[in-house]
Amino acid sequence: PKTPFSPSNQDVLRYITAIMGGLTREEAHVIFLDGRLRFLRHEVFCYGTEARAEFPMHAVFRRALQIGALQLVLIHNHPSGNPEPSEDDLLVTKRIAVAGQAV
C-alpha cells in the first residue's frame, strides 16, 4: 500500500495476473489510487460473458468520490487469451478518460 502504483512494477503485474488469470468470462475491475498513486482499493464492477464486460461509469466515479480516489486503473480480461484491445475496448477507454477529466 505504501509503494506507488506502476504498471511496470512486477508485484502489481503478479497481483493482477493472480486475480484475473484463468477466468472463463470477462470481468471489469478497478484499482483506486490516491494522489500519490498508492493503492486504496480493488473492486470488481462487472461480471460479464465470455466475450464482454462493461464498466458502469457512473458507479465507478461515484465509488471513486466516496473513497477519495484521485486515480483509477481500469482492468478487464480477455478469456480468449488474445491480449489485443478490441475497437470497443479502445472506444470505451477514451469515453471513460474524457468523463474522468470532467469529474
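Per residue, the chain exposes 67 Å² of solvent-accessible protein surface, assessed with a 1.4 angstrom probe and all protein chains in place.
Coordinate range of the alpha-carbon atoms in the chain per principal axis, descending: 34, 30, 19 Å.
Helices in the chain, meaning DSSP H runs of at least 4 residues, each add -39500 (n - 2.57). Divided by all residues, the mean residue ellipticity at 222 nm is -11500 deg cm²/dmol. The stretch 3-30 and the stretch 58-92 have their alpha-carbon centroids 12 Å apart.
Applying the criteria of a DSSP loop state and at most 14 other Cβ atoms within 10 Å to the GluC sites (Glu not before Pro) of the stretch 33-103 yields 50, 54.
The values are calculated or read from the model by the stated rules, or taken from the named source; none is laboratory data. What you see is a predicted model, and the numbers here were worked out from it, not measured in a lab. Note: ideal-geometry Cβ built from the backbone for every residue, glycine included; neighbour counts use all protein chains shown. Only protein heavy atoms, including side chains, enter the accessible area calculation; ligands, DNA and RNA are left aside. Shrake-Rupley method; radii C 1.70, N 1.55, O 1.52, S 1.80 Å.
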